[in-house]
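Inspection log for the structure reproduced underneath, given as structure tokens.
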Amino acid sequence: MDFDLPRSKDDHDLVTVGVVVAAVRSGATTARAHVERALEAATADDLNAFTRVEGDLALIAADTVDATVAAGGDPGPLAGVPVGLKDLIDHEGRITTCGSSFRFPEAATTATVVRRLERAGAVIVGRTGLHEFAYGFSSENEWWGPVRNPWDRTTSPGGSSGGSAAAVAAGIVPLAIGTDTGGSVRVPAALCGCCGLKVTHGRVPLSGVFPLAPSLDTVGPIGACVADLAAAYGVMAGDEPDDPWSAPRSVAAPTGAADLAGLRVGIPVPWTERRMSGAVAEGFATALDRLIAAGAVVRRVSVSAFDPTLLPRAAYAEVAAVHRARFIESPMQYGASIRDRLAADLAHTPDAITGAMAWRAELRNEAARVFSTCDVLVTPTVATLRKTIGDDMVDVDGRPEPYRPALSWFTTLVNQMGVPALAVPIAVGGSPPPSLQVIAPWWEEARLLDIGLALEEAGISRPAVPAHRAG
């Protein structure tokens, strides 16, 4: 489905999706020129954001877009946009490494989401680095090396889609695709000062995407501004009958006409009652104040089920089904950072799995009750903005704590609910700025994106740019 491209008011400061598409469609520049620049930047990249750079294959695709424009045809809604693709998603003729040590064969087919992007005129310029098998939040990969954050190369970009977020933040590509099972689009978007969209489970097909936990897995875009996410979402979303996880539901288009006045915003507790870094707490408070000033109705919503400490480990038991045979045969081919977690997944009892299913059902039912009185929920996206590469502890308001719960606290429950969520940088400065998470009811991505555009229009969010960018 083709959507009209909404434009961020800050598009003039960034080479966004909208800027590329308008220039290519008008003939002001060529897809080849944009792709050549992206390839050069990806090749020179010192962030380790890519596991593969496409080269000639990307240029051939760009030339096809340019030939369509020259012939007066429609090159598609993403005409000439260079895209980074998480190395967990199949692209025919390329090896999907999953950030692992295993030697997989070249993909025989292309994932549905990639076919849709290419049909829309997007050009895949490379495969982006990730946490091994997408099972972590740092993208510090023992086989491929750590991905580095362009805001500070000694720090992690988050994970698991760290390469995708780093490539966007560094200006290598205006758009990158990630996957999100517990926060793997939103966490790196937050740590890299980008925007990230986690869709309703079943909204974007998973065919051709290596699974982590299929009942939770989603595919989503990372971009500099909400308009870029809206453009990608319009291409990626929609039913795929051959995909068992894909939902046969219509896809509405964002209109760019949301009004924050009267928006019913819930602040979920005890979810938001946890220690955060000073910058995160201050940024969140500022965002709430600005929402109120814009006319939103903001109130606390107390739901005992909204407590990440209650999340049972067996909620991820299906990870074992994906890796069981491979792990039993070759456990040492898994990196230490995920090996113990996989071993624990294999040990879950039927009773524990049944209990986790009941917990998830209760959580989703409680969420449905809350959304009958709230249009959206808001939380910070992460509790801290800095994780030093090689250090498993982070500083949260002057105290050390393990990095995984600090980075995933506000994101994991969203996947368990199955609802969509948007991560956007708050307009308060910072390197990177703190990130706001906006959570909507099931299937309401269009309204969620409209709210994101309204946040930018109101100056509550704005694109964030590191000091050193490509180009």
Debye intensity ratio in log₁₀ form over the Cα atoms of segment 384-471, taken at each q of 0.12, 0.18, 0.21, 0.24 Å⁻¹: -0.49, -0.97, -1.11, -1.17
Once you treat every alpha carbon in segment 72-224 as an equal point and sum by Debye, what is log10 I(q)/I(0) at q = 0.12, 0.21 Å⁻¹? -0.43, -1.35
Note: segment 246-345 at 4 °C, 1.567 mPa s; Kirkwood Rh on alpha carbon pairs; Stokes-Einstein D in µm²/s works out to 71
As I understand it, the dipole of the chain uses +1 on the Cβ of Lys and Arg and -1 on the Cβ of Asp and Glu, about the Cα centre. Which of L288, L216, C98 lies farthest toward its positive end? L288
Please state the charge dipole magnitude for segment 102-222, taken about the Cα centre, from unit charges on C-beta atoms (+1 on K and R, -1 on D and E), reported in debye and rounded to the nearest 20. 340
Magnitude of the Cβ-charge dipole of segment 320-433, K/R +1 and D/E -1, about the Cα centre, nearest 20 debye? 220
L363, L449 arranged by Cβ crowding within 10 Å, fewest neighbours leading: L363, L449
Please express the shape of segment 324-415 as an equivalent ellipsoid: the semi-axes are the square roots of 5 times the eigenvalues of the C-alpha gyration tensor, given largest first in whole angstrom. 29, 25, 10
Expected unfolding gain across D242-E329 under the 0.36 nm per residue rule, minus the alpha-carbon gap, is 28.2 nm
Taking the Cβ of T109 as the centre, find all other residues whose Cβ is under 15 Å away and add up their charges (Lys, Arg: +1; Asp, Glu: -1). -3
Go through G459, P331, L311 and say which Cα lies farthest out towards the positive end of the charge dipole of the chain; charges sit on Cβ, +1 for Lys and Arg, -1 for Asp and Glu. L311
Below 8 Å, C-alpha to C-alpha, sequence gap of six or more: please give me the relative contact order for segment 191-236 in percent. 45
Just want to confirm a number: the relative contact order over segment 349-416, from Cα pairs under 8 angstrom separated by 6+ residues, in percent. 28
Percent of alpha carbon pairs in segment 167-248 separated by more than 15 Å? 53
Once the convex hull of the alpha carbons of segment 212-302 is built, what does its volume come to per residue, in cubic angstrom? 178
Once you place label points 7 Å from the Cα toward the Cβ at A321 and T349, how far apart are they in nm? 2.1
Please list 382-391, 182-191, 146-155, 244-253 highest first by mean number of surrounding beta-carbon atoms within 10 Å per residue. 182-191, 146-155, 382-391, 244-253
Segment 186-200-segment 126-168 distance, computed between alpha-carbon centres (Å): 13
Segment 1-154, dipole about Cα centre (Lys/Arg Cβ +1, Asp/Glu Cβ -1), debye to the nearest 20: 180
Normalised alpha carbon radius of gyration of segment 90-160 [divisor 2.2 N^0.38 Å]: 1.24
Please give the calculated 222 nm ellipticity per residue for the chain, where each DSSP H segment of at least 4 residues contributes -39500 (n - 2.57) and the sum is spread over every residue; nearest 500 deg cm²/dmol? -10000 deg cm²/dmol
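Where a number appears in this text, it was derived from the coordinates with a stated rule and is not lab data. Note that the structure is a prediction, hence the values are computed from the model and not measured. A quick note on method: Cβ atoms are made from the backbone with ideal geometry, for glycine too, and the neighbour counts reach across all protein chains shown.
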